[in-house]
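First comes the structure, then the notes that go with it.
The values are calculated or read from the model by the stated rules, or taken from the named source; none is laboratory data. Only a predicted model underlies this, so the values are computations on that prediction, with no experimental measurement involved. Every residue, glycine among them, receives a Cβ derived from its backbone with ideal geometry; neighbour counts consider all protein chains shown.
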Amino acid sequence: MPLLLVRFTSTMARSAAIPPLRKDLNERTGLEWQLQTEGETDNEVQLTRHSARLILRRQLTWDWLFLEVRGGVSWPRRRVIEERKASPEVGVALEMQFGNRPR
């Protein structure tokens, strides 16, 4: 498993992340910790955001419906004159999986 995941796009935006740390709490619930940094090579500030998140994922039905609750903090900066300030992140998501899953 790589220690760092880096992604480049056609606009030379880039993102780097340490592979997430996962912990199963039980058969249907898990936690994931994420650390990430993002940037663009043609931007005034090349590293535009650093972030850390904790995600709780719960399977609501045995086959296809999942709930994610996320919380975290990011430190954005788009311009040199800006100071990095902590910005809280909160999210809730429902995920539905369709199709045949291999067993």
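Odds and ends about this structure:
- Taking region 33-63 as the range and being under 25 Å from Arg79 (Cα atoms) and out of contact with any Gly (no Cβ under 9 Å at 6 or more places or on another chain) as the test, the residues that pass are Leu35, Gln36, Thr37, Glu38, Gly39, Glu40, Thr41, Asp42, Asn43, Glu44, His50.
- Yes/no for Trp75 being touching a Pro at 6+ places or on another chain (Cβ under 8 Å) and within 22 Å of Leu21 (Cα to Cα): no
- Close pairs from region 32-48: first in contact (Cβ under 8 Å) with a residue 24 or more places away in the chain and of a type in the set (Val, Ile, Thr), partner part of a loop (DSSP other than H, G, I, E, B) and loosely packed, with under 15 Cβ neighbours inside 10 Å, Cβ under 8 Å, at least 6 apart: Thr41/Met12; Val45/Arg78; Val45/Arg79; Val45/Val80; Val45/Glu82; Thr48/Arg78
Each row is one residue, and each column tells you yes or no for (1) in contact with a strand residue (DSSP E or B) (Cβ under 7 Å, 6 or more places away or on another chain); (2) closer than 15 Å to Ala52 by Cα.
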residue: Phe66; (1), (2): yes, no
residue: Gly72; (1), (2): yes, yes
residue: Arg78; (1), (2): yes, no
residue: Phe98; (1), (2): no, no
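For (1) closer than 16 Å to Gly30 by Cα; (2) at pLDDT below 90, each residue gets a yes or a no:
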residue: Arg53; (1), (2): yes, no
residue: Leu56; (1), (2): yes, no
residue: Val69; (1), (2): yes, no
residue: Arg78; (1), (2): no, yes
residue: Ala86; (1), (2): no, no
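- Whether a residue is loosely packed, with under 10 Cβ neighbours inside 10 Å and modelled with pLDDT under 90 was assessed, and Arg103 passes this test.
- Single unsatisfied condition, Leu5 versus (1) surrounded by 12 or more Cβ atoms within 10 Å (Cβ to Cβ); (2) more than 16 Å from the chain's Cα centre (by Cα); (3) of a type outside the set (Val, Ile, Thr); (4) modelled with pLDDT under 90: (2)
- Top-ranked residue in region 22-44 [being surrounded by 14 or more Cβ atoms within 10 Å (Cβ to Cβ) and more than 16 Å from the chain's Cα centre (by Cα); ranked as farthest from Ala93 (Cα to Cα)]: Asn43
- Looking only at residues in region 45-92 that are outside any strand (DSSP E or B) and touching a Ser or Thr at 6+ places or on another chain (Cβ under 8 Å), the one that is surrounded by the most Cβ atoms within 10 Å (Cβ to Cβ) is Arg77.
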